[in-house]
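*Asks:* Before I ask anything, let me first share the structure, which is written out below as C-alpha cells.
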Amino acid sequence: MRDFDLVRPASVAEAAAAFAASGDAAYLAGGHTLIPAMKARLRAPETLVDLSRLPGLTGVTRDGDRLWVGALTTHAAVAEDATVEAAIPGLSALALLIGDPQVRAKGTLGGVIANNDPAADYPAACLALDATIVTDRAEYGAGDFFQGMFATALSDGEIVTRVGFRVPTASAYAKFRHPASRYAVAAVYVARFTDGVRVAVTGAGPGAFRWTEAEAALTASFDAGAVAGLTLEDGDLSSDIHCSAEYRAHLCGVMLAQAVEGSING
C-alpha cells in the first residue's frame with residue numbers, strides 16, 4: 001500500500017470540496033472494498049476522504065410509503081433496526097446475510113451501492129423495492145442509478161446521502177452464498193406491491209437486473225407454482241471458477257421459488 005493523505009471532513013460539503021481539491025482522491029466509508037484494493041495496489045489514491053464521521057447520514061425513518069436509510073448506516077444496524085423489521089422484514093433479512101459480523105459492523109449501505117459490485121446484495125433490494133437514491137447533487141431511481149459492472153450514475157466526487165425504499169406488502173430475499181466471501185453466487189429479491197410484483201437478481205450477471213418474466217408471472221398469480229420451471233436465459237450470465245452460466249440460471253430459478261415462499265410465509 002502506498003502513502004496517502006487522510007482527510008476527515010465535518011460535513012458533506014467539506015467532503016466534496018476535499019475530494020475536488022485532490023488530484024486523485026477516494027471516499028472511504030466502511031472500507032471493505034477500497035482497503036483491500038489499496039493493499040493489492042489495484043487502487044492508489046493520493047487522498048482518502050473519510051466519510052465515516054459525517055453527521056446526519058445514519059439512521060432509519062419511515063415517511064409514508066418510503067423507508068429512508070442513511071447512506072452511512074451499517075449492515076448490522078439495518079439488520080437490527082425495529083423500523084426496518086416492521087416495514088420491510090425482507091430488507092432486514094438481506095442485511096443479515098451480508099458477509100460476517102465484522103463486515104456487517106463496518107460496511108455501509110451507501111458504500112455498497114456506490115461500488116455496485118455485481119455480486120452485492122443491496123442493488124437487488126434497490127431494484128425490487130423501487131428505491132430512490134439521493135446524493136448531494138441529485139436523486140435517481142434505482143433503474144437509472146445502476147449502470148453495469150461497478151458502474152453507476154454517480155459523477156466524480158458525488159456522495160450518496162440516503163436511500164428511500166418503497167414499502168411493499170410483502171417481500172423476501174433468497175441467496176446462494178459463496179462459502180468464503182458470502183457474496184451472492186446467485187440471489188433473488190421478490191417484492192409484492194398493490195400494483196404488481198418486482199423481482200431483481202444479483203450475483204448472476206455483470207450487475208443486478210430485474211427479471212421481467214418472473215414479475216409478469218407473479219403479478220398474475222403470486223404463488224410458487226406460477227414460476228415453477230421458470231429459468232433465465234444463460235447467455236448473459238456469468239461463468240467463472242465458482243459455477244457456469246447454465247448453473248447460475250438454474251440457481252436463480254431455485255432462489256426465485258424460495259423468495260416467493262418467503263414472501264408468502266414471512
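Any read-out appearing in this document is the output of simple, stated calculations on the displayed coordinates, not a laboratory observation. Note that the structure is a prediction, hence the values are computed from the model and not measured. Using ideal geometry, Cβ is built from the backbone for each residue, glycine included, and neighbour counts are taken over all protein chains shown.
*Asks:* Which one, (1) 21.9; (2) 13.6; (3) 14.8, gives mean projected area of the Cα convex hull in nm² as derived from the coordinates shown?
*Replies:* (2)
*Asks:* How high is the relative contact order of the chain, in percent, with contacts defined as C-alpha pairs under 8 Å that are six or more residues apart?
*Replies:* So the answer I get is 15 percent.
*Asks:* For a protection proxy built on the mean count of beta-carbon atoms within 10 angstrom, sort 198-211, 217-230 highest first, please.
*Replies:* Averaged packing, sorted descending, gives the order 198-211, 217-230.
*Asks:* Local charge sum around ALA228 (other residues, Cβ-Cβ under 14 Å, Lys/Arg +1, Asp/Glu -1)?
*Replies:* -3
*Asks:* Let me ask something else about it. Per DSSP H run of at least 4 residues, take -39500 (n - 2.57); add these up for the chain, divide by its residues and hand me the 222 nm value, nearest 500 deg cm²/dmol.
*Replies:* -9000 deg cm²/dmol
*Asks:* If you don't mind, there's one more thing I want to ask. Lys and Arg at +1, Asp and Glu at -1: add these up for the other residues within a Cβ distance under 14 Å of ILE264 and post the number.
*Replies:* Here the count lands on -1.
*Asks:* Report the net charge of residues surrounding ALA249, where surrounding means a beta-carbon distance below 11 angstrom and charges are Lys +1, Arg +1, Asp -1, Glu -1.
*Replies:* -3
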